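Undergrad: Encoded as structure tokens, here's the structure I'll be asking about.
The values are calculated or read from the model by the stated rules, or taken from the named source; none is laboratory data. In this text, all values refer to a predicted model and were calculated from it rather than measured experimentally. Backbone-built Cβ (ideal geometry, glycine too); neighbour counts: all protein chains shown. These area figures cover heavy atoms from the full protein model, side chains too; ligands, DNA and RNA do not enter into them. Shrake-Rupley method; radii C 1.70, N 1.55, O 1.52, S 1.80 Å.
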There are 2 protein chains.
Amino acid sequence: MDTSYLSQLHTFYKTQLLEDTIPFWFPRSLDEQYGGFLLMRDQDGSLIDDDKAVWIQGRATWLLATLYNTVAPKQEWLDGAASGVQFLLEHCFDRAGKMYFHVARNGQPIRMRRYFFSETFAVIALAAYAKATGDEQIAQKARDLFTRCLEYSTGQTAIAPKFEPTRPAKAIGIPMIMLNTAQQLRETIGDPRCDELIKGWIAEIEKDFVKDDIRCVMEQVAPDGSIIDHIDGRTLNPGHAIEGAWFILHEASYQNSDRYLRLGLKMLDYMWERGWDQQYGGILYFLDVYGKPVQEYWQDMKFWWPQNEALIATLLAYTMTGEDKYKQWHESLRQYTEKYFHDHQHGEWFGYLHRDGSIAQTAKGNLFKGPFHLPRQQWYCMQLLSSFL
Amino acid sequence: MDTSYLSQLHTFYKTQLLEDTIPFWFPRSLDEQYGGFLLMRDQDGSLIDDDKAVWIQGRATWLLATLYNTVAPKQEWLDGAASGVQFLLEHCFDRAGKMYFHVARNGQPIRMRRYFFSETFAVIALAAYAKATGDEQIAQKARDLFTRCLEYSTGQTAIAPKFEPTRPAKAIGIPMIMLNTAQQLRETIGDPRCDELIKGWIAEIEKDFVKDDIRCVMEQVAPDGSIIDHIDGRTLNPGHAIEGAWFILHEASYQNSDRYLRLGLKMLDYMWERGWDQQYGGILYFLDVYGKPVQEYWQDMKFWWPQNEALIATLLAYTMTGEDKYKQWHESLRQYTEKYFHDHQHGEWFGYLHRDGSIAQTAKGNLFKGPFHLPRQQWYCMQLLSSFL
């Protein structure tokens, strides 16, 4: 293991997180009037829209509470998280207890969607805030909302389906998000259900989504794990699968499990081989498992978030194995993202590049991008590396 | 008017339609087993997926019946249209009479969506087929389905809304598609309601969506026509607005209305000024009315369909005014599309180019692309030009 390299990386990620990314978002994004955060911002930080994306409200709350819990007990971070929690609880649920996807600045609802990611991000926000404050009422709300997510994930509480029952399919996103949500719940406020649930989700991913014969992690499959030979069923999302790989590597580290280590590594290997752009660098967005055209037309663009997930996965792989291959992958990607994604003028990263690295559009925050994948990556890498100092 | 140019263009569009585009799709796409069409095809015509997009089933049926009605009474075109009509009527409606968006090859439903474009394309398919055959039962089905579209468009028959009522908005797509559907119904089998309805939709577009002060056609507005200053409300779709422009120019021609001519021309002028890519040529996909980032990240790509709509609009504008500006616009775009979109090897056009004209993905047919915008453009231009021979 190259400990001098790891030490340099630690300084790099800490500096980037605390002196570049966080100051881009805070304190300017705190909504003093209505609570929560104003996060839809252009390259220079100017506000594009004062609406609030509920995913990102939860994620920003998680980030501030997590910084408070793990980096430094700064009152401004705790106050920001408190404002996020209050906005989530007061404005982001409908009467039936389902969370909205998109609300106006004052909390009036704009859009409900037929999935439950707003809920999973609220769980980790509430859990991190409960840990920060010791507030047992908030902790119970986190556990109750996690219970609700479990019910949605099994169909015990129904969400109106987007598809007819003709061709049943399941997406890796569900066991993945539940796995990570449970990991965070366990590692902040604790929940006795988590270990067993985590075991089940990893088993499902391994059994149904990981295909050793074709060295691939599928994005969706039939309920029995078979590949659905239609456009949607064939579509791969390498950055997403690599995110799943690091959730499993994290679990391998937590449990000291060699079995999970080998699973996480092969998921990373398979999807790096498919997703890394040999011509321009960076992780491509979508691919077809058999090389046919996918439905989307922006499949060869470079988005910020797959790069962040792959930075975490490759660093975990390197620190857990010492294999030079993973160091090389991590360093290639780090240099690529510094060159193309990092906005050295205004801070933070661009979100959307063309395949060749040129900027497609300049928003730093919108309905899907905000202070999450980038600062989570910098924070996770910094924390991971601190044990090698 | 440069009649020699118009004559050359007529030959060009006729040849492209009948010797390049139509032979790409037919007869290979006729589904002899289940009826309808197998249209999801790669660059070389190989099948990517045997699912059926209901929009495109209707559009292909319309195309074949229209060719039969207006170009030549070929039995193969009529037989193809008959197969499309049968598939639409037998497999594409749910029990409540709402049409699906996406079905399997055998007609089993895959996806319902919360809008009624499948219906509008089925109306024009049924109407064109009823004209071809004189089948009064099919004609009545077309009129009844048009009635259903009217009910959806006014909310008299409700479709579950995608958005909460906090910030009401209306899209130009509704009066546009209804206007064109009514035009086609009128010009095939006739419907006494159409003239008055068309007048109302054009008045709505003019009053609420066309903004002379900023030389712009909005894609969506508040119910009173004011601009909604949020990301979605600010997002422009120049190719779509230009499609609306030619529907109105077509009406100007049909009614010999100078008022509609001036309206259609200014809509084209406004959105050509905004949408034409000065650097690379072609019509861009999305723009923000005030130059901010839009939500989509592929907004600077070049899609096949906006180019086709702009080819029709500019040719109509030129033939109706004789203004050299429109001839130049038409010819620039025609040369651009011949160079970048036309697949000279396998026929038809690519659908999805990067901003610089390089190919982003190779599908000729998928859930949204099929034998419609390109052959409709070639057919419309050919028909329009035939009166100048």
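Undergrad: Take the stretch A:302-317 and flag every residue that is in contact (Cβ under 8 Å) with a residue 60 or more places away in the chain and farther than 22 Å from A:Phe368 by Cα.
TA: Matches in the stretch A:302-317: A:Leu315, A:Leu316, A:Ala317.
Undergrad: I'm told A:Glu187 meets every condition in (1) on the phi > 0 side of the Ramachandran plot; (2) assigned by TED's automatic domain parsing to the domain that holds A:Gln383; (3) open to solvent by 50 Å² or more (accessible area, probe 1.4 Å) except one. Can you identify the failing condition by its number?
TA: The one condition A:Glu187 does not meet is (1).
Undergrad: Which condition number in (1) open to solvent by 60 Å² or more (accessible area, probe 1.4 Å); (2) of a type in the set (Ser, Thr, Tyr); (3) within 14 Å of chain B (Cβ to nearest Cβ) is the one that A:Thr154 fails?
TA: All conditions pass for A:Thr154, except number (3).
Undergrad: Given the criterion free of Cβ contacts under 8 Å to residues at least 24 places away in the same chain and of a type in the set (Ser, Thr, Tyr), identify the matching residue among A:Ser29, A:Ser46.
TA: Of A:Ser29, A:Ser46, the one residue that is free of Cβ contacts under 8 Å to residues at least 24 places away in the same chain and of a type in the set (Ser, Thr, Tyr) is A:Ser46.
Undergrad: Quick check on this structure: which one of A:Gln328, A:Gln335, A:Gln345 is over 17 Å from the mean Cα position of the chain (by Cα) and either within 14 Å of chain B (Cβ to nearest Cβ) or closer than 26 Å to B:Ser358 by Cβ (or both)? Please lay out each step first, then the result.
TA: Details: A:Gln328 fails: either within 14 Å of chain B (Cβ to nearest Cβ) or closer than 26 Å to B:Ser358 by Cβ (or both); A:Gln345 fails: either within 14 Å of chain B (Cβ to nearest Cβ) or closer than 26 Å to B:Ser358 by Cβ (or both).
Just one listed residue meets the conditions, A:Gln335.
Undergrad: Looking at the stretch B:188-239, which of the residues that are assigned to a loop (DSSP other than H, G, I, E, B) and hydrophobic (A, V, I, L, M, F, W, C) is farthest from the other protein chains (Cβ to nearest Cβ)?
TA: By that ranking, first place goes to B:Ile189.
Undergrad: I need the full set of residues from the stretch B:373-389 which are closer than 16 Å to B:Leu18 by Cβ and within 12 Å of the chain's Cα centre (by Cα), in order please.
TA: B:Leu374, B:Pro375, B:Arg376, B:Gln377, B:Tyr380, listed by residue number.
Undergrad: Please specify each residue of the stretch B:78-129 satisfying the condition of being open to solvent by less than 20 Å² (accessible area, probe 1.4 Å), over 16 Å from B:Arg143 (Cβ atoms) and either at pLDDT below 95 or in a helix (DSSP H, G or I) (or both).
TA: Listed by number, the residues that qualify are B:Gly80, B:Ala81, B:Gly84, B:Phe87, B:Ser118.
Undergrad: Name the residues in the stretch B:36-52 that are outside any loop (DSSP other than H, G, I, E, B) and more than 17 Å from B:Tyr100 (Cβ to Cβ), would you?
TA: B:Arg41, B:Leu47, B:Ile48
Undergrad: Can you tell me how many residues in the stretch A:257-306 are assigned to a helix (DSSP H, G or I) and within 11 Å of chain B (Cβ to nearest Cβ)? Walk me through it before giving the result.
TA: Taking the stretch A:257-306 first, the residues assigned to a helix (DSSP H, G or I) are A:258-275, A:304-306.
Next, from what is left, pick out any that are within 11 Å of chain B (Cβ to nearest Cβ): A:304.
Counting residues in the stretch A:257-306 that are assigned to a helix (DSSP H, G or I) and within 11 Å of chain B (Cβ to nearest Cβ) gives 1.
Undergrad: Separate question: Would you please list the contacts, defined by Cβ atoms under 7 Å and residues six or more apart or on different chains, that run from a residue in the stretch A:320-347 that is farther than 18 Å from A:Gln279 by Cβ to a residue that is of a type in the set (Val, Ile, Thr)?
TA: Within 7 Å, the pairs are A:Tyr326/A:Thr314; A:His330/A:Thr314; A:Gly347/A:Thr21.
Undergrad: Quick test of your reading of the structure: A:Gln183 fulfils all but one of (1) over 16 Å from A:Glu243 (Cβ atoms); (2) in a helix (DSSP H, G or I); (3) of a type in the set (S, T, N, Q). Name the failing condition by number.
TA: Single failed check for A:Gln183: (1).
Undergrad: Between a first residue in the stretch A:119-130 that is without any contact (Cβ under 8 Å) to a residue 40 or more places away in the chain and a second residue that is surrounded by 24 or more Cβ atoms within 10 Å (Cβ to Cβ) and not hydrophobic (A, V, I, L, M, F, W, C), which pairs have beta carbons less than 8 Å apart while being 6 or more apart in sequence or on different chains?
TA: none
Undergrad: Pull up the stretch A:362-383, narrow it to residues that are farther than 21 Å from A:Leu67 by Cβ and open to solvent by 10 Å² or more (accessible area, probe 1.4 Å), then point me to the one that is farthest from the other protein chains (Cβ to nearest Cβ).
TA: From the stretch A:362-383, those farther than 21 Å from A:Leu67 by Cβ are A:362-363, A:366-368; that's our starting set.
This time we only want the ones that are open to solvent by 10 Å² or more (accessible area, probe 1.4 Å), so: A:362, A:367-368.
Values: A:Thr362: 5, A:Leu367: 6, A:Phe368: 8 Å.
Only one residue fits best here, namely A:Phe368.
Undergrad: Another one. What residue, among those in the stretch B:21-38 that are among the aromatic types (Phe, Trp, Tyr) and open to solvent by 20 Å² or more (accessible area, probe 1.4 Å), is nearest to B:Ala363 (Cα to Cα)?
TA: The selected residue is B:Phe26.
Undergrad: May I ask you to list pairs of residues, at least six apart or on different chains, whose Cβ atoms are under 6 Å apart, with the first in the stretch B:161-173 being free of Cβ contacts under 8 Å to residues at least 24 places away in the same chain and within 10 Å of chain A (Cβ to nearest Cβ) and the second being buried (at least 16 other Cβ atoms within 10 Å of the Cβ) and not in a loop (DSSP other than H, G, I, E, B)?
TA: Close Cβ pairs (under 6 Å, with a partner that is buried (at least 16 other Cβ atoms within 10 Å of the Cβ) and not in a loop (DSSP other than H, G, I, E, B)) amount to B:Phe163/A:Arg111; B:Glu164/A:Pro109; B:Glu164/A:Ile110; B:Thr166/A:Pro109; B:Thr166/A:Ile110.
Undergrad: If I go through the stretch A:1-59 residue by residue, how many of them are within 24 Å of A:Val71 (Cα to Cα) and touching a Lys or Arg at 6+ places or on another chain (Cβ under 9 Å)?
TA: The qualifying residues number 14.
Undergrad: Could you check the stretch B:1-20 and list, in sequence order, the residues that are free of Cβ contacts under 8 Å to residues at least 60 places away in the same chain and over 14 Å from B:Leu384 (Cα atoms)?
TA: B:Ser4, B:Thr15, B:Leu18, B:Glu19
Undergrad: Can you confirm whether the stretch A:240-256 contains a residue that is open to solvent by less than 40 Å² (accessible area, probe 1.4 Å), part of a loop (DSSP other than H, G, I, E, B), free of Cβ contacts under 8 Å to residues at least 40 places away in the same chain and more than 14 Å from every other protein chain (Cβ to nearest Cβ)?
TA: no
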